[in-house]
Amino acid sequence: MLKSTLSRRAALAGAVGLAATVAVPAHAQETFKIGLIVPMTGGQASTGKQIDNAVKLYMQQKGDTVAGKKIEVILKDDGAVPDNTKRIAQELIVNDKVNVIAGFGVTPAALAAAPLATQAKVPEIVMAAGTSIITERSPYIVRTSFTLAQSSTIIGDWAAKNGIKKVATLTSDYAPGNDALTFFKQNFTAGGGEIVEEVKVPLQNPDFAPFLQRMKDSKPDAMFVFVPAGQGGNFMKQYAERGLDKSGIKVIGPGDVMDDDLLNNMGDAAVGAVTAHLYSAAHPSAMNKDFVAAYKKAFSNRPGFMAVGGYDGIHLIYEALKKTGGKTDGDALVEAMKGMKWESPRGPISIDPETRDIVQNVYIRKVERKNGQLYNVEFDTVPNVKDPFKAAKAAAK
Ligand code: PHB
């Protein structure tokens, strides 16, 4: 087993033009290495920081030895640029001989690493990115974040059933934005709703102002918004500056735009926004209260949903390693992860053994001010939601 792992790595090293692997003595396997690849700089830096914080917090709480192995995390900043992700993943697999790669702040980064995970048989734990197809790109991918389809179908149903007839959409122009739009539209129009305007905004440094004017002119009851984590603050600032809050156009969407990380600084324009999402810092479980308190104490800020994806991702790695009895073989680890169930700060979750994707509750929440602070207050729950994209494909078979 060890021999074949080494020869695969040597082949990968050859393929990428790096030095061939030298034989590793058995005792070197006492360390279990996790290559954590996240954006720590650039527009998506808040995602990387939340994940890095959460992984550190988890390891501080649970210790750094699992099944006799010392856990070592090697943190790398890819700036959410997929070419960087690929180069870094190669170096981590070939030179550092990591047992797992994890993180992936955006979809293009998760996709860029997928062929390497397959070739080296190294598990790729997606803690952030949310496009449905990601888990289909390698049998070594397991996801602890979410899919946009999970939240967007549910807010589509909710909007159609709650008196919203006309919606203008504003989505970030890349894969997860397209998933959000497709799945929202599908459910909202099936429920009788109408889309009156559709705009796509660039992913990098978007200026929302011209698009917001178009939204306003189309006079919708609500605007459906998907922008990735980290952009919600800027979006809501421009939304308020353009007076959309005053014109009665409600914000709805997946919860990314109302990330708890930024929500408290958005001001009154955010009050009343209804979103469907996996996590709220106000989730009223004992476990979440402890998680929020510990995170705040350590990092002086609230955790957002990206922090929870990281916290659950490192938990999944710890538990899989326990289940294999310390066996670090990639196939054994992925097998151990399939079907795993646990309580997360977000609520009960599991890994679908068929798809390796997360199954979780989706909560419908409204932004409210409580004791002077803004929170996404959950008022309805759709339990155990599988990724609708894959569920539809399975049903059609
Ligand atoms: C993604 O690129 O898949 C992504 C990033 C941030 C989000 C959601 C999806 O909030």
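The values are calculated or read from the model by the stated rules, or taken from the named source; none is laboratory data. Source: prediction; values computed, not measured. Here the Cβ is made from the backbone with ideal geometry for all residues, glycine too, and neighbour counts use every protein chain on show. Ligands, DNA and RNA are excluded from the accessible area calculation, which covers all protein heavy atoms including side chains. Shrake-Rupley method; radii C 1.70, N 1.55, O 1.52, S 1.80 Å.
Taking the options Val81, Val94, name whichever one is over 27 Å from Asp290 (Cα atoms) and in contact with a Leu (Cβ under 6 Å, 6 or more places away or on another chain).
Numbers: Val81 fails: in contact with a Leu (Cβ under 6 Å, 6 or more places away or on another chain).
Checking each option against the conditions leaves just Val94.
Checking the condition touching an Asp or Glu at 6+ places or on another chain (Cβ under 7 Å) and more than 12 Å from the ligand (Cβ to nearest atom), which residue from Asn84, Asn95 passes? So that I can check it myself, show each step before the final result.
Details: Asn95 fails: touching an Asp or Glu at 6+ places or on another chain (Cβ under 7 Å).
Result of the check over Asn84, Asn95: Asn84.
For every residue, the table says whether it meets (1) closer than 24 Å to Lys296 by Cβ; (2) basic (Lys, Arg); (3) away from the ligand (no atom under 16 Å from the Cβ); (4) surrounded by 22 or more Cβ atoms within 10 Å (Cβ to Cβ).
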| position | (1), (2), (3), (4) |
| --- | --- |
| Arg214 | no, yes, yes, no |
| Asp221 | no, no, yes, no |
| Gly248 | no, no, yes, no |
| Asp259 | yes, no, no, yes |
| Gly272 | no, no, yes, no |
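If you scan the stretch 382-397, which residues turn out to be touching a strand residue (DSSP E or B) at 6+ places or on another chain (Cβ under 7 Å) and open to solvent by 60 Å² or more (accessible area, probe 1.4 Å)?
First, pick out the residues of the stretch 382-397 that are touching a strand residue (DSSP E or B) at 6+ places or on another chain (Cβ under 7 Å): 382-386.
Scanning the stretch 382-397 gives Pro383, Asn384, Lys386.
Scan the stretch 241-261 for residues that are closer than 18 Å to Arg369 by Cα and at pLDDT 95 or above and jot them down.
Of everything in the stretch 241-261, those that are closer than 18 Å to Arg369 by Cα and at pLDDT 95 or above turn out to be Val251, Ile252, Gly255, Val257, Met258, Asp259, Asp260.
Looking at Phe379 and the list (1) surrounded by 13 or more Cβ atoms within 10 Å (Cβ to Cβ); (2) under 15 Å from Pro284 (Cβ atoms), which single condition is not satisfied?
Phe379 satisfies all of (1) surrounded by 13 or more Cβ atoms within 10 Å (Cβ to Cβ); (2) under 15 Å from Pro284 (Cβ atoms) except (1).
A quick yes/no check of all residues on (1) among the hydroxyl-bearing types (Ser, Thr, Tyr); (2) in contact with a Gly (Cβ under 8 Å, 6 or more places away or on another chain):
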{"residue": "Tyr295", "(1), (2)": "yes, no"}
{"residue": "Thr328", "(1), (2)": "yes, no"}
{"residue": "Val334", "(1), (2)": "no, no"}
{"residue": "Asn361", "(1), (2)": "no, yes"}
{"residue": "Glu378", "(1), (2)": "no, no"}
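When you go through (1) within 15 Å of the ligand (Cβ to nearest atom); (2) of a type outside the set (D, E, K, R); (3) surrounded by fewer than 22 Cβ atoms within 10 Å (Cβ to Cβ) one by one for Ala293, which number turns out not to apply?
(1)
Within the stretch 195-245, which residues are in a strand (DSSP E or B) and over 22 Å from Val271 (Cα atoms)? Talk me through it step by step, then tell me what you get.
At the first step, the residues of the stretch 195-245 found to be in a strand (DSSP E or B) are 195-201, 222-226.
Matches in the stretch 195-245: Ile195, Val196, Glu197, Glu198, Val199, Lys200, Val201.
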